[in-house]
Amino acid sequence: MESFAIHVGQARGDDADGIARVYIASWHDAYAGTVPTALLTAMTQNGQTTRWRAALAAREAVFVARHERHGVVGMTSFGRSRDPDLGPDGEVYTLYVDPAFYGEGVGRALLAGAFADLSRRGFSSCIIWAHAKNPARFFYERLGGRLVAERTVRLMGEPIPEAAFAWTRLAVRTRSVAG
């Protein structure tokens, strides 16, 4: 892939279609074989665009990564932790990158942007829940997330194991740790 600059910032109403496209493509890529196929096939561009348009209209914290030629290539949403008993006060609810842009620094830039905004709003730590079989869990560990909890949720009746990664400081690890 050619070298490019990405710009991360608050999503606008007209980003809803791009957010929906990235969200669906990421789910199909990351979760095929780990979540019910019926869930993946039920996702529609129209339905997800409506969902994200409503989130943006409600002024939820949603950031996008934009590429000058390809538009939205990644997205993240974040806010107050839904599991404060685990410790962190902030949470990244979603973080998805267009599969065509994996390995290009988009996810790292989105996470850094979310952490900066959470910090600006007075949060000091963060948690992210990920499907335990999602390869992104290793991405979170590389960027400094520490496994702090596990649970099983049900999607369309199927048990799906999840893992929670926490950052006690809102900082993305910048270097890999030699192992």
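Worth a mention:
- Loop exposure criterion: GluC sites (Glu not before Pro), DSSP state outside H, G, I, E and B, at most 13 other Cβ atoms within 10 Å. Applied to the chain, the longest stretch between such sites is 69-179.
- Computed on the stretch 1-112, with alpha-carbon pairs under 8 angstrom and 6+ residues apart, the relative contact order is 31 percent.
- Choice from A25, A114, A149 with maximal GNM fluctuation in the chain (Cα, 10 Å cutoff): A149
- Shown is the FRET efficiency for E141 and A116, computed with R0 = 22 Å from the Cβ-Cβ distance and rounded to the nearest 0.05: 0.60.
- Mean shadow area of the stretch 19-63 over all directions, Cα convex hull, nm²: 3.3 nm²
- In the chain, the alpha-carbon atoms span a convex hull of 130 Å³ per residue.
- Listed residues A42, A55, A163, most fluctuating in the chain (Gaussian network, C-alpha, under 10 Å): A42
- Remark: spin-label model distance D83-R51 equals 2.0 nm, labels positioned 7 Å along the Cα→Cβ axis.
- Global geometry of the stretch 79-149, whether rounded, prolate or oblate, following the gyration tensor of its Cα atoms and the 1.5 cut on a/c: oblate
- Distance from the alpha carbon centroid of the stretch 70-111 to that of the stretch 44-60 works out to 16 angstrom.
No value in this document is a laboratory result; all are computed from the given coordinates. Every value quoted in this text rests on a predicted model; they were computed, and no experiment measured them. Neighbour counts run over all protein chains shown; Cβ positions are idealised from the backbone, glycine included.
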